[in-house]
Every structure is written in structure tokens, then in C-alpha cells.
1. Quick one: would you say E14 is acidic (D, E), under 18 Å from P114 (Cα atoms) and in contact with a Leu (Cβ under 8 Å, 6 or more places away or on another chain)?
2. In the range 28-37, which residues are among the charged types (D, E, K, R) and either assigned to a strand (DSSP E or B) or surrounded by fewer than 16 Cβ atoms within 10 Å (Cβ to Cβ) (or both)?
3. I'm checking my understanding of the structure. Among residues of the range 54-66 that are surrounded by 12 or more Cβ atoms within 10 Å (Cβ to Cβ) and without any contact (Cβ under 8 Å) to a residue 40 or more places away in the chain, which one is farthest from L6 (Cα to Cα)?
4. Taking the range 48-61 only, how many residues are under 28 Å from D37 (Cα atoms) and part of a helix (DSSP H, G or I)?
5. Looking at the range 64-85, is at least one residue within 17 Å of the chain's Cα centre (by Cα) and in a helix (DSSP H, G or I)?
6. Among the residues of the range 1-27, which ones are among the aliphatic types (A, V, I, L, M), under 20 Å from S86 (Cβ atoms) and either outside any helix (DSSP H, G or I) or more than 14 Å from the chain's Cα centre (by Cα) (or both)?
7. Quick test for you: out of L83, L79, L87, pick the one residue that is surrounded by fewer than 16 Cβ atoms within 10 Å (Cβ to Cβ), at pLDDT 95 or above and not polar (S, T, N, Q).
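The values are calculated or read from the model by the stated rules, or taken from the named source; none is laboratory data. What you see is a predicted model; the values in this text were computed from it and never measured. Cβ coordinates were reconstructed from backbone atoms using ideal geometry, including for glycine residues, and neighbour counts include every protein chain displayed.
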Amino acid sequence: MRTRTLRFGLYADEQGLAWVRGLVDEAVGVRRARIVDQTIARTLPGSGMTAADAYDHLAEQWGWENPGQSSGAREAVELCVRLACSLRTWRAIQKTVIRELCPEGNAPHVCRVPWAAS
């Protein structure tokens, strides 16, 4: 098995991050995969660019979807999860996490945590 990486840009507070990490843990747990490392980056590795700059559209999305509400402690971050698994398993895990991040399908709706897969 090779080490593969899942990356998600998120606009979340600590509760939102914990929820997303739980989704990842659950998706990994039902497959033949192992989490090697998990990091939350506020500066993207190798680029020096901040997550706030890279994922600024997520903060805007939250503002459009929640007009007049305070964003509280939410901030743009990148969740990076390194997995030991096959390519097929990595794809299945990524697909599952994305589906759980916004389970309501293609109809207009508000995601609990605005996200972007990278």
C-alpha cells in the first residue's frame, strides 16, 4: 500500500473540524486503510500562501448562505490526511467524505461546513 493524501479546504470552527475529522475517520474505518497523519494547515505547505487566501471563497459562501449571522470562530484551513491504502480505496474514501460533507445532493442547500476538495 502506498501513502496517499486527502486535502480539504474548510471554513470551520473547532466543532466543524471535529465533525469533518469524524467523517474521515468513519470512512477510513470501514475500508482497508490506515491514517498515517492528519494536520490542520493555516499556511499551505511549500507555497507560503495562507489557507485564508487559498480558500477565501469558502468564507464568502458561508456569508451568502448565512446572511446576517456572525461567522464566530470559523476560519479557512486545510485538512490534510495521509492514508496508507490502495488508489481504489483512496478514491472510495474521498467520494464517501465528499458525499457526507453535503448529503443533500445537487439541489440548492446549505452545507454544514463549506468545503473544497483539492
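1. Taking the combined requirement at face value, the residue does not satisfy it.
2. R32, R34, D37
3. G63
4. The number of residues fulfilling the criteria is 8.
5. no
6. M1, L6
7. Answer to the selection: L87.
Let's see how each residue does on (1) touching a residue at least 40 places away in the same chain (Cβ under 8 Å); (2) on the phi < 0 side of the Ramachandran plot:
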{"residue": "G68", "(1), (2)": "no, no"}
{"residue": "V81", "(1), (2)": "yes, yes"}
{"residue": "A84", "(1), (2)": "yes, yes"}
{"residue": "I98", "(1), (2)": "no, yes"}
{"residue": "P103", "(1), (2)": "no, yes"}
{"residue": "V110", "(1), (2)": "yes, yes"}
